[in-house]
Amino acid sequence: MTGAARLGPWATINSALLVALFFLVPTQIAPAYVLTGLMLVFWLIEGQWQQKWQTLRSNPVFWVFQAYFWWVVVSLLWTSDMTRGWNMVSRYLFFLLSVLYFTVARREHTGRYLAAFAIGVGLCEVLAIYNWLHLNHYPDWPDSLRAPKDAMETAPFVDRILFGPVLAFAGYLGAWKAITTSGRIRLAWALAVLSTFAVLSFSASRVGMIGFSLMMALLAYQQLVRHRWLALAGAVVVLAACASALYVFSDTVTRERIGQIFSESHQLDTAVNESLPHRYKMAVNTMHIIAEHPWLGVGAGDFTAEYKAVNDQRSPAWKPTHNPHNQLLFNLAITGVLGGVLLFAVWIAPPWLTRRWPDDGLRQLRIGLPVFYFFICLSESYLWRSNTGLMFMLFAALLYGPRPITWSEDSARPGTASQAATNLDVNPTR
């Protein structure tokens, strides 16, 4: 199915629910679970099992995601704490749900999904701006929605740990749309990028600011890639310009958090439980766990206990953790070498496996999504986190699920390809 007119009623409803999920990415995760449950019910009622099976079995990206999820489940065989183990498995449930999302996503509805995500982020940015003004200049204003992170948190629903990366990817998406579209819609996307930049400057999210700068650099490289040395130079300039601008325009709280990176980098072993030294200590202790259990890991449920034992022995003054704030180390610790290989496959395989797909205008995003997650997952287990895990799977379903609509495929159906290109709002295959 490629044209919207040929969708059955259940498929149409589910695609609309998927639009709603894109909108909900920067908000509370509970409504997303409810909508996914409804989507699953309608998906089961719809049937068409043979068609869905053919869609999934021919998609190698789907199998990579399933392998990644099920290896976590298999690791329960050698875990001791089954309660924590199943809790860990539930954290990766979005990878299992690729069965649903990959068969619900519709290529001709791409524009709707992207617009819904942008609108959801935009509304959260408006609330964040209000919160910042309220906290810093207008204390008499009524209280608004604010995540309970700390007294100066401005993010409305989820704290800066989750909100910052969502903003960073939204900025990349907005800049990409501003470049690849034309007319008034280009101006709208450009203004969206400026809004994202403004919110990042007072978000206190270092990951968000670094991620945004890196993705702007990647986009510059992607646009100039035909001239490799010019592309590399442009990427370096854009990276430096974005990072410098975010620092210059950042507020006091955000600037202080940036400054902590440099001051704490000289005290990695002495600044007990401070942000950067604590992450360093968690990485070192986790590598000791990996060294002791290199092949299979400790199992999905035993990381907390194993880390506490290592921490008590090697760094008792430091706080224990249930998450080493590094997705790669986390996977190696709980699922061993194969788990690490599968994680790299999640990052690397999708753009590689789809590299020969016809150019439908989304190729840059197919590269940008795993590149973004690779970098942010070095500072936090973002595939394990709720909102960022959902964001990854939704965009993965959109970008790697349905194959691109091409002129050759639809030449026998007049109007289909042109309608698809209109709905996509991207350049059709040349």
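Data for the structure
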item	result
Solvent accessible area, Å² - residue 289, 1.4 Å probe, full protein context	0 Å²
Sites matching chymotrypsin sites (Phe, Trp or Tyr not before Pro) across the stretch 242-309 that sit in DSSP coil, with at most 15 neighbouring C-beta atoms within 10 Å	295
Alpha-carbon centroid distance for the pair the stretch 218-239 / the stretch 345-402, whole angstrom	21 Å
Fraction of accessible area attributable to carbon and sulfur, the chain (%, probe 1.4 Å)	66 percent
Quarter of the Cα convex hull surface for the chain, i.e. its orientation-mean projected area (nm²)	22.5 nm²
Long-range HN-HN contacts of residue 297 with modeled amide H, under 5 Å	336, 337
Top of 348, 45, 129 by mean-square fluctuation, Gaussian network on the chain, Cα under 10 Å	45
Solvent-accessible heavy-atom area per residue, rounded to whole Å², over the chain at 1.4 Å	45 Å²
Sparsely packed trypsin sites (Lys or Arg not before Pro) within the stretch 304-379, loop by DSSP, other Cβ within 10 Å at most 14	355, 356
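The values are calculated or read from the model by the stated rules, or taken from the named source; none is laboratory data. Note that the structure is predicted; figures quoted are calculated from it, not measured. Heads up, the Cβs are rebuilt from the backbone with ideal geometry, glycines too, and the neighbour counts pull from every protein chain shown. Surface areas here come from the heavy atoms of the whole protein model, side chains and all, with no ligands, DNA or RNA. Shrake-Rupley method; radii C 1.70, N 1.55, O 1.52, S 1.80 Å.
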